[in-house]
Amino acid sequence: MSGRLRIVALLALAVVAILLYTARIRREMIDFTTWRQMTVRALHAEPLYRVEDGHYQFKYLPLFAVIMAPFGLIELEMGKALWFAISLGLLVLVMRWSVSALPDRRLPRTTLVALAVVLMAKFLAHELLLGQVNLLLGALLLAALVSVQMKRPNAAGALVGAAAFVKPYALILLPWLLVTQGWRAAATAAGTVIVGLLLPALVYGWTGNLDLLRAWLDTVTQSTTPNLLGNDNVSIASMWAKWLGPGSTATLLTFATFAAVGMLVIFVWRRRRAVAAPEYLECALLMLLIPLISPQGWDYVLLLATPAVVCLADRWRDLTRIWQGALAVALVTMCLTIFDIMGRSLYGRFMSLALVSVAGLAVAVGLVHTRWRALA
């Protein structure tokens, strides 16, 4: 794309973004409103986790509210517009790094970006409408991947540790850092987490910070079971709860599935010598698994599957017809089942069957097969 055409394209996208924000998004962003309110509380050293907040309880670690405190200093509507703009910037980074970090690309960059945008559009739209922070999480994890590729394991460790304060699920990458990058990278990540857990004491004091951490743990654990049967929950725990009902059997099968998934991850790691640059697929697999392993894995968190989708799209021609067919069904089921098209009744029934969870696991198996074939 020429420089002039690139400028025209960027201006056109900016106009579209402004129109969308003005017409719809600025009246939404309920999750942004929720976590921004916590930054206001942090500015005044007030308790962050309150039962009276109901469904919109704050579930991030205390440091998130402290770091994002500048949003509590500006007016709500201005904060919405600013976070929307930042989210668009993060979206560009996630798409750019998902493609540029992929080694030995078969398809052109623009083709892969276009495919990723189309397949991820449902999740990206939901993310922007809610004012969520998963794009920030994705950008940090992809920055960690790029750091690994650039032989900077300590930077990768620090980025994974920082990502844990956006969403604790990021710590799923900690064992990967230990196995593939050595103890220094893992220690850097662990050290970053420890420092981050202690930093809010500068605002709340030592005892106040400990109270916050206990309240955070209580909030997360007590809200998990009620959310398992939510239509938009795509976690493995939700899958079994929807099929069998919440209880000991569903819990046992959830942990059995976790064990099976863990074996697949280990298999991928053990096969890393079969390819020249193994890090991308390994990170892509773990990012895909984040919303599946987290008990509160909402469907829009599947935007973290962007690197997985890019990897499979790029290696598509190298797969057999059977695998192409199976993965096509899985990707369509995971990415293109849209509420506005299906309608409330059909969409609700579809999500109650946990087919998106099954599709996500199928995509994960597709990545494992890709490593087995030494394609990535």
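Please treat every number below as a calculation from the coordinates, not as lab data. Keep in mind it's a predicted model, so treat the numbers as computed, not measured. Virtual Cβ from ideal backbone geometry, glycine too; neighbours counted across all protein chains shown.
Report the net charge of residues surrounding A9, where surrounding means a beta-carbon distance below 15 angstrom and charges are Lys +1, Arg +1, Asp -1, Glu -1. Summing Lys and Arg as +1 and Asp and Glu as -1 gives +4.
Where the only charges are on Cβ atoms (+1 Lys, Arg; -1 Asp, Glu), what is the dipole of the chain about its Cα centre, to the nearest 20 debye?
Rounded to the nearest 20 debye, it is 1280 debye.
Using the Cβ-Cβ distance between A187 and L336 with R0 = 35 Å, the FRET efficiency computed as 1/(1 + (r/R0)^6) comes to roughly 0.25. With the simple spin-label model, which puts each label point 7 Å out from Cα in the Cβ direction, the I266 to R4 separation comes to 6.0 nm.
Using 0.36 nm per residue and subtracting the Cα-Cα separation, the extra length available between A274 and A85 on full extension is 63.9 nm. Shown here are the Rg and Dmax of the Cα trace of region 98-158, at 13.8, 37 Å.
Residues in region 294-326, backbone N under 17 Å from the label point at V358 (7 Å along the Cα-to-beta-carbon vector): list them, ranges by number please. 325-326, by backbone N distance to the label point.
Counting alpha carbon pairs within less than 8 Å and at least 6 residues apart, what relative contact order, in whole percent, applies to the chain?
Numbers: 463 pairs, mean separation 69.0, N = 376.
For the chain, the relative contact order is 18 percent.
Could I have the simple spin-label model distance between I194 and Y56, label points 7 Å from Cα toward Cβ, reported in nm to one decimal? The two pseudo-label positions are separated by 3.8 nm. Computing Rg and the Kirkwood Rh from the Cα coordinates of region 3-372 gives a ratio, Rg/Rh, of 0.95.
Note on region 137-284: Cα-only Rg and Dmax are 17.9, 51 Å.
Using a Förster distance of 41 angstrom, determine the FRET efficiency expected from the C-beta separation of L244 and R321, and round it to 0.05. Numbers along the way, then the final one.
Details: r = 35 Å, r/R0 = 0.85.
Efficiency at R0 = 41 Å is approximately 0.75.
Here is what passes the span test in the chain: the DSSP H helices with alpha carbon length of 18 Å or more along the helix axis and a Kyte-Doolittle mean of -1.0 or above are 3-23, 30-43, 76-100, 109-130, 134-149, 183-198, 201-227, 248-270, 279-293, 321-335, 355-372.
Give me the extension gain from A259 to L210: residue separation times 0.36 nm, minus the current Cα-Cα distance, reported in nm with one decimal.
Numbers: separation 49, 0.36 × 49 = 17.64 nm, distance 3.22 nm.
Contour length minus the Cα-Cα distance gives 14.4 nm.
Beyond a 26 Å Cα-Cα separation, which of these cross-linked pairs lie in this structure: K167/K242; K80/K242; K80/K151? K80/K242; K80/K151, as the Cα separations exceed 26 Å there.
Estimated from helical segments only, the mean residue ellipticity of the chain at 222 nm is -23500 deg cm²/dmol, where each DSSP H run of four or more residues counts as -39500 (n - 2.57). Under 5 Å between amide hydrogens, built in the peptide plane, is the criterion, and for W298 it picks out V234 among residues at least 5 positions away or on other chains.
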